[in-house]
1. Checking the structure you have, find out if any residue of the stretch 131-152 is on the phi > 0 side of the Ramachandran plot and not in a strand (DSSP E or B).
2. Give me a count of the residues in the stretch 112-158 that are in contact (Cβ under 8 Å) with a residue 40 or more places away in the chain, under 30 Å from residue 190 (Cα atoms) and over 16 Å from the mean Cα position of the chain (by Cα).
3. Quick check: anything in the stretch 155-165 touching a strand residue (DSSP E or B) at 6+ places or on another chain (Cβ under 8 Å) and more than 24 Å from residue 115 (Cα to Cα)?
4. Just to verify a result, which residue in the stretch 194-216, among those that are part of a strand (DSSP E or B) and under 20 Å from residue 54 (Cβ atoms), is modelled with the highest pLDDT?
5. Looking at (1) at pLDDT 85 or above; (2) within 30 Å of residue 45 (Cβ to Cβ); (3) surrounded by fewer than 19 Cβ atoms within 10 Å (Cβ to Cβ); (4) touching a strand residue (DSSP E or B) at 6+ places or on another chain (Cβ under 7 Å), can you tell me which one residue 89 breaks?
6. Identify all residues within the stretch 27-61 that are surrounded by fewer than 19 Cβ atoms within 10 Å (Cβ to Cβ), assigned to a loop (DSSP other than H, G, I, E, B) and either touching a helix residue (DSSP H, G or I) at 6+ places or on another chain (Cβ under 8 Å) or at pLDDT 80 or above (or both); write none if there are none.
7. Just one of the numbered conditions (1) surrounded by fewer than 20 Cβ atoms within 10 Å (Cβ to Cβ); (2) over 17 Å from residue 94 (Cα atoms); (3) in contact with a strand residue (DSSP E or B) (Cβ under 9 Å, 6 or more places away or on another chain) is not true of residue 130; which one?
8. For the stretch 161-168, does any single residue satisfy the condition of being closer than 20 Å to residue 43 by Cα and modelled with pLDDT under 90?
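The values are calculated or read from the model by the stated rules, or taken from the named source; none is laboratory data. It should be emphasised that the depicted structure is a prediction, and the values quoted were computed from it without experimental measurement. Cβ coordinates were reconstructed from backbone atoms using ideal geometry, including for glycine residues, and neighbour counts include every protein chain displayed.
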């Protein structure tokens, strides 16, 4: 199993755990962070659902990471790669992606890091309740990942995603700060392969605290 086949699908899932979170209150007191109009719990959940649809919590970074990873992983001796791309949003606007990827191979281990900046320009998506939300950079989101992959199939990764997004929808607007920390590791154990991860931080003023482990 390659580093890419293990890591990329997981990150796609892990960094989208945050949108499942909502305000801890069951009434109309939603949370959007320190500035902007207050959203009800229903509105808040609708907004983070739309953020998920436009890859706001990491998938946009994964698009860029996938673009960079093929040539990088093919260069066994390592190297530094840069890239720039613009991805369309579901119903209008764009996500701009810029970043670097560095990989170093030494003995039985490969180490590397990604730095990916995601910028949003009138990026629009619709939640399942039919609400259209528009997102812009405030100023942007930066995803940073560091990993080590070993020949025996074991690996470890740490990452952060920080920044903010300006949002608008349902006649309201505001700013959503994001600060997430990711820890992910895995390795062989007999005939099985074990994984463990944790994702902590805040999204729009709402706490995120997720952890999971399993053996496949």
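1. There is no residue in the stretch 131-152 that is on the phi > 0 side of the Ramachandran plot and not in a strand (DSSP E or B).
2. Here the count works out to 7.
3. Taking every residue of the stretch 155-165 in turn, none turns out to be touching a strand residue (DSSP E or B) at 6+ places or on another chain (Cβ under 8 Å) and more than 24 Å from residue 115 (Cα to Cα).
4. 201
5. (3)
6. 27, 28, 29, 37, 38, 40
7. (3)
8. Yes; the residues of the stretch 161-168 include at least one that is closer than 20 Å to residue 43 by Cα and modelled with pLDDT under 90.
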